[in-house]
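The values are calculated or read from the model by the stated rules, or taken from the named source; none is laboratory data. Predicted, not measured: the structure shown is a model, and the values here were computed from it. With ideal geometry, Cβ positions are generated from the backbone for all residues, glycine too; neighbour counts draw on all protein chains shown. For the accessible areas, the whole protein counts, side chains as well, though only heavy atoms, and no ligand, DNA or RNA atoms are used. Shrake-Rupley method; radii C 1.70, N 1.55, O 1.52, S 1.80 Å.
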Amino acid sequence: MSVRPGWDDSTSPLRRRALSLLWGDRIGLLIFLLSLCLFGLTWRTAFLINDSYTIANGLYALEHGSLDMTTAAYGPGLETPGAEWYDGELFSRNYGVIFAALPLVYLLRALELVADLRIVVVAAWCLTLLAATLLAGRILDRRRTATYAGSVAVFGLFSLNVALATPLDPVQHHLIALQIVHVVGAAFVGVFAYRLVRELHDRRRAVLAAVLVTLATPLPFWAAVPKRHVLTAAVVLAVAFAITRSRNGERAYATESRALAYVLVGLLAWVHAPEALVVLVALVVVDVPSAPANDARSLAVVGGAFLVSLVPMLATNFALTGDPLTVPRALRNAPPDADLAIDGRSGSNPDAAGGDTQTDTVPEHSAAGNESNEETSTVTEGSARDGREGWSTPPILLLGFALVESAFEALATFGELLSQGLSKLSTRPDQVYHSFVRSGYVDRVARRAQDAPSANLSFLESAPVVAGLVAVIPAAWTRLRAYGGSSRLRPHIPPVDAFVVVFAVCYSLVYVSRLPVHAQVTVRYLFPLYPVAVYGLVRLPPVGAILDRHWRTFAWTYSAGLLVGSQLLFVALVLLTPGRGEAFQFHALLALSTAGLVGAWALTGRTVGKCGQFGALSIGFATAAATTFLLFVTVEYFALGDSHALPMVRVLAELVDLV
Amino acid sequence: MNTERGVVYGVIGLVLATTLVSGPLVGVVDFTTAPERASFDGGDATVTDVSLPSSTEITSGRFGSGENYVLVPDATLTVANVTGTPLLAYQFSIPALGYSRSTTHFVTAADTGAYGLSLERDAIEPSRVESRSYDGSVTVFLRSNESERRLAERNVTVEVTG
C-alpha cells in the first residue's frame, strides 16, 4: 500500500505553504481532522469547572464592549475563581483565549439567524468527518472506497443525529465559542506530536506518537474544557518542533522557526503568563547555547519577534490597569498565579459542612466545580505596584527598565517556586507519590472535595503508558556499555530532548508543591507533561523499536482492549454498582495493572521475539485502559447533565446509568 | 470520477440544506424537539403495601477509594388508580450527622402495580463517621393534588461496617 503524504500538485503554492505551515503534510492535517471528530464526541456544552465561569463572563463583558465584568451571565456570580478586583473593577483571566473566542461568538450569533445551532454543530462534525475520510482516501490511495464509504457513513450519522437532536441551550454562546478555541488548540497537540517526531524518526513512529498523545492521555477529556492546559501542551510541542527545525542553519526557514518558538511563548503569555514563563526558561536555556548562529542579526530577529508577540498581552494589561506591566494576576505582584500560589490555606473548606445534605437534583457538575475554589487568589494588588504609581506616563526608557525589572522579579518568584518544589520532594514524598503514582484516598484532598473526594486519578493512573519511560534504564545501560564509560565520548544530547527534559523538570517542580489538590480529575495542572512524556516514550530506542516492529500487535491489542474490554468493564461496573469515587479507583487499579505490564517489559528493554511482542501488547492494553476511562468519564461520570454536543452521544449517556 | 464528485457534493449539499431548513430563516421544520421533562402538575394515586427497610449501613469504599458509602435498601410499594403525575419521594436521614438524602419519582398510569424506590450509593466523609451505629429514619411521601402525605416512616439502625 502506497502512502501519499504530500499535497496534491493541483494545490496552489500559496495554499500549500499555508497548509504546510500549520499541519506539515496531509497526514498532519488528517490527524487534526480526526482529533476534531474525536473531541466532538467527548464535547459537553456545560461547565465542568468553576474557573470557566470567569472566562465566559469575561468574554460576555468583552462582547459588550468592556474588559471589566459587570454582568454574571454564567455561574453563581461574578467572583468566581480567577476573577480579580483592581481599582474597583473586576477582571477576568486568560484574555488571550477571550479575544480569540470573540469572533466565534459573532459567528455563532450569525449562524443562529439562519440555522438551528444544534444542527449546525451536528453538520460541522459530520462535514469534518467527511473531510477526514476523503483525505484518508487520498493519503492511502483509496479514493473511490473512501468517497463512497465516507459519504454513506456521514449521511447515516447526520440523519441519526438530526433525528435525535434536542435544542441547544440558547444562552451558552460564550461557552461554546471558548470551547471551540480550546478544541482547535487541543487538536494541534496531536499534529505537533506527529510533526515533532517526524523530524527525528520515520513516519510510522510519528503517527503512533500522535495516536498515543491523543488516545493514551486525558487529552480528549480536557479538549473542550475552557482551561489553559491543552493550549500550553500544544505550545510546548510546537516549540519543541520549532527547536528541531531551527538547529540546522542551512535549512530553509531555520531562523524563522526559531523566532516562531518565541512568538508562541509570547502568545501563550497572553493566555497564562506563569506557564509561558516556564516554557520560556526552558527554551532560552536550551536555544541560546545550541543555536546555529547567535549573531546580532538573528538575535535581533528572534528578540524582535518575541517582543512583538508580547504586545497583545502588554496592551491588554495597559487597558486593564493603565500600566502594561501590571497584570491583575501578575507575576511581579507576588505568587505568579493563584494556581501556583503557595500559602497556608490548607484548612477545611467553609462550605464543606453542608456538602452531603444535598438531594439528587443538584446538578452533577457542581461536584467538580465547587472544588476549584482553590484557584481563588488570595493575592492582593498592592505593595509591588505602589512603586510604580509615580510613572503615570512611562517613557520608553523607563518601560525598558521596568520590563527588565519585572523579568527579574518573575525569575525570582520562579526560582522560589522551584526550591519549594524541591523541598516538597524531600519533605512530603508521600504527597508526590499520590499525585504521580497512586491516588487512592488523600485526606487533604478529601477535606476540600465536597462530594467526590476520590474523583482524582494520579498521573500514572491517567496515562499508564507513561510507565514505559523506565525503559530509559536499559537504554542508558546499553549506551553506557557501547561508549565504555569513557567520558571523552560522552553521548550527544539533541537540543530538543534537552528542552523537553528541562521543561518537564521545571514544570513539575513549579506545581508539585501544590499537589495533590481536588478538582483535578487527571492531575490537570500537570497536563502538558502527558504529551511531553509520550514524546520521551517514543524517543526511547526500545519503545521505538517495538512500535516499528510490532505495531500491528499494538493496533490489535488496542482495538480488542477498547472494544471488548470496555464492554467487560461496563458489565463489571453494573454488577459492582460503585459510587463515583469507587468507579474512579476501579479504573485506577485497572490502569495501574496495565502500567505494571508496560513497566515490567520496559525494564527488560528487550525488543526481539516474544519479549518485544509482549511489550507492544502491554502498550496496547495501557492505551486501551486510558481510552476506556475517557469514554466512561465523558459519557457517564462527568456527563454534566447529559449535555453532550452530539445527540447520539447524549442518547448513549442517557441509556447508561452507572453511578 | 464524476460520480464520486457528485456523491460528495450531494452529501455536503444535503447536510447544508438540512441545516438551513432547520433555521428560523426558512423555518419549515423544527428538528430539535425538547424532551418532555416529567413535571409535577397535580394528580393523585392510591399507594398501598409500603414496605420499608429495617436496617441501613455505612460501609467503607472499595478499590482504595477511602470514603464511606451510605447504603439504603429499596422501599417497595403498590401503586393504583393513578391520575395525572403525582410524585413519590423516598427520604433517608441520619439526624446525628446532619445527613439527609432523597429521591423523587414521577408516577404515571404506566407505573400501576408493584413499584420500587431506591437511593443510590452515596459517599460520606469518613472523618464524619465516629460511632459504630447511628439512628436514622426512612420516609416515603406522596405529593398529590392537595397535599403532601407521609405514607410511611420507620426508624432504622445505621450500622457502620468495614
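Remarks
- Options A:T147, A:T128: the member that is in contact with a Leu (Cβ under 9 Å, 6 or more places away or on another chain), buried (at least 17 other Cβ atoms within 10 Å of the Cβ), modelled with pLDDT of 95 or more and of a type outside the set (A, V, I, L, M, F, W, C): A:T128
- Qualifying residue in region B:36-59 (condition: modelled with pLDDT of 80 or more and within 13 Å of chain A (Cβ to nearest Cβ)): yes
- In region A:580-605, the residues that are at positive phi and away from every other protein chain (no Cβ under 14 Å) form Cβ pairs under 8 Å with partners that are open to solvent by 10 Å² or more (accessible area, probe 1.4 Å) and β-branched (V, I, T), at six or more places apart or across chains, as follows: A:G605/A:I473; A:G605/A:T478.
- Among the residues making up region A:129-149, a single one is within 11 Å of chain B (Cβ to nearest Cβ) and either farther than 26 Å from A:S2 by Cα or touching a Cys at 6+ places or on another chain (Cβ under 7 Å) (or both): A:L129.
- Subset tally (residues that are open to solvent by 10 Å² or more (accessible area, probe 1.4 Å) and in contact with a helix residue (DSSP H, G or I) (Cβ under 8 Å, 6 or more places away or on another chain)) for region A:631-646: 6
- In the set A:L631, A:L603, A:L597, A:L652, only one residue is in contact with a His (Cβ under 9 Å, 6 or more places away or on another chain), modelled with pLDDT of 90 or more and in a helix (DSSP H, G or I); that residue is A:L652.
- Considering only residues in region B:94-125 that are β-branched (V, I, T) and not in a loop (DSSP other than H, G, I, E, B), the one that is modelled with the lowest pLDDT turns out to be B:I124.
Here is a yes/no grid of residues against (1) out of contact with any strand residue (DSSP E or B) (no Cβ under 8 Å at 6 or more places or on another chain); (2) closer than 30 Å to A:R438 by Cα; (3) in a strand (DSSP E or B):
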residue: B:E57; (1), (2), (3): no, yes, yes
residue: B:L77; (1), (2), (3): no, no, yes
residue: B:T83; (1), (2), (3): no, no, yes
residue: B:F92; (1), (2), (3): no, no, yes
residue: B:S127; (1), (2), (3): yes, yes, no
residue: B:V138; (1), (2), (3): no, no, yes
residue: B:T157; (1), (2), (3): no, no, yes
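- Odd one out for A:I119, checked against (1) assigned to a loop (DSSP other than H, G, I, E, B); (2) within 14 Å of chain B (Cβ to nearest Cβ); (3) of a type in the set (A, V, I, L, M, F, W, C): (1)
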